[in-house]
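Structure, as structure tokens:
The values are calculated or read from the model by the stated rules, or taken from the named source; none is laboratory data. Remember, predicted model here, so these are calculated numbers, not experimental data. So basically every Cβ, Gly included, is an ideal-geometry build from the backbone, and we count neighbours across all protein chains shown.
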Amino acid sequence: MVAKLIKGTGGFYIVKTEDGELFTLRPRGKLRFLTQTPTVGDMVNMTPGAEGTHGWLEEILPRRNLMIRPPVSNIDIVALTVAAVPARDLLLIDKLILNARAADIGCVLVCNKIDIDCGYVDSVKKEYGESGVPVFPVSALIQESLSDLKKAIQGKATCFAGQSGVGKSALISALTGRTFETGAISERTERGRHTTRHVELIAQDDMLILDTPGFSLLDACEVPSAELADYYPEFDGLTENCRFQPCMHDTEPDCAVRARHGGGGRYARYVQLLREYKELERGRYK
Ligand SMILES: Nc1nc2c(ncn2[C@@H]2O[C@H](COP(=O)(O)OP(=O)(O)OP(=O)(O)O)[C@@H](O)[C@H]2O)c(=O)[nH]1
Ligand SMILES: [Mg+2]
Ligand SMILES: [Zn+2]
């Protein structure tokens, strides 16, 4: 029997069959999964057990794509979520964009909580204007603000990702009309408290939405540092004019990319990532 993995907790996997039946599965022959971890979004082969709602996870069917952080598979769009509060970590967002693009997954940038403050949206739009990532200003509290985002994710499998407290679960509640647990942000630290603990797949109407726990650290990069620049559409058409070929657009003299984008924003974070990943690679291959 084929089913879709919708949640995993403590070695058990909850799956939903085509008919909408739910089963809790344990992997058969644990060894099989040493190289492949069952991931929310996976299509799996399963066998029902003797008691009605339990069974065995037999094998993971081939995936369309896979992300490690957050751990999700077979998705079309990563909805990178930022908000008026907590303070935005755009380096995290840029890393997520890289990993999504490396896995051939599209991205949208969701700017939430515009009911509190919409002033930050313009600067985000400016920074990401040439990045190829569309920006959606929304509020989980204002239903009308969600209509463009709703259209963009219609018929697609969309994974919400970003820091804890930005409102991923609140947005998913507003988008689906169902209630998912949300948690207040501490006034002292301005951080969320990691309310969502497990990745969960939610099917509603024509939407397939994945809620994920917030995180703030992302070290792994699936893109080699030498190829990093290829993932920045805003560098297109400039690279050819750099004096050095190839050019990493860091400190090389007469770099056309730096001349055009230097100063801050996505370019400054690109340089930061380039150096960080070079350092990591140096450690890895030593
Ligand atoms: N004013 C306002 N508050 C919001 C909005 N969206 C979410 N919140 C609040 O922000 C807090 C955090 O929301 P969550 O949905 O739990 O955030 P999350 O991104 O799912 O956080 P984690 O599950 O920890 O990763 C809650 O108190 C929400 O009620 C919004 O658009 N406007
Ligand atoms: Mg949440
Ligand atoms: Zn250059």
Considering residues that are surrounded by 18 or more Cβ atoms within 10 Å (Cβ to Cβ) and either within 16 Å of ligand 3 (Cβ to nearest atom) or among the hydrophobic types (A, V, I, L, M, F, W, C) (or both), the number found within segment 147-179 is 12
I'd like to know if segment 53-72 contains one or more residues that are crowded, with 21+ Cβ neighbours inside 10 Å, in a loop (DSSP other than H, G, I, E, B) and of a type outside the set (D, E, K, R). yes
The conditions are (1) within 10 Å of ligand 3 (Cβ to nearest atom); (2) in a helix (DSSP H, G or I), and Phe244 fails exactly one of them. Which is it? (2)
Which numbered condition in (1) crowded, with 22+ Cβ neighbours inside 10 Å; (2) of a type in the set (Lys, Arg); (3) in a loop (DSSP other than H, G, I, E, B) is the only one that Arg88 fails? (1)
Restricting to segment 105-146, count the residues that are touching a residue at least 60 places away in the same chain (Cβ under 8 Å) and part of a strand (DSSP E or B). 1
Residue within segment 190-201 that is closer than 21 Å to Cys118 by Cβ and buried (at least 18 other Cβ atoms within 10 Å of the Cβ) present: yes
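Per-residue answers, yes or no, for (1) within 16 Å of ligand 1 (Cβ to nearest atom); (2) within 20 Å of the chain's Cα centre (by Cα); (3) not assigned by TED's automatic domain parsing to the domain that holds Phe160:
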{"site": "Ala174", "(1), (2), (3)": "yes, yes, no"}
{"site": "Gln204", "(1), (2), (3)": "no, yes, no"}
{"site": "Asp236", "(1), (2), (3)": "no, no, yes"}
{"site": "His249", "(1), (2), (3)": "no, no, yes"}
{"site": "Asp254", "(1), (2), (3)": "no, no, yes"}
{"site": "Gly264", "(1), (2), (3)": "no, no, yes"}
{"site": "Tyr270", "(1), (2), (3)": "no, yes, yes"}
{"site": "Glu276", "(1), (2), (3)": "no, no, yes"}
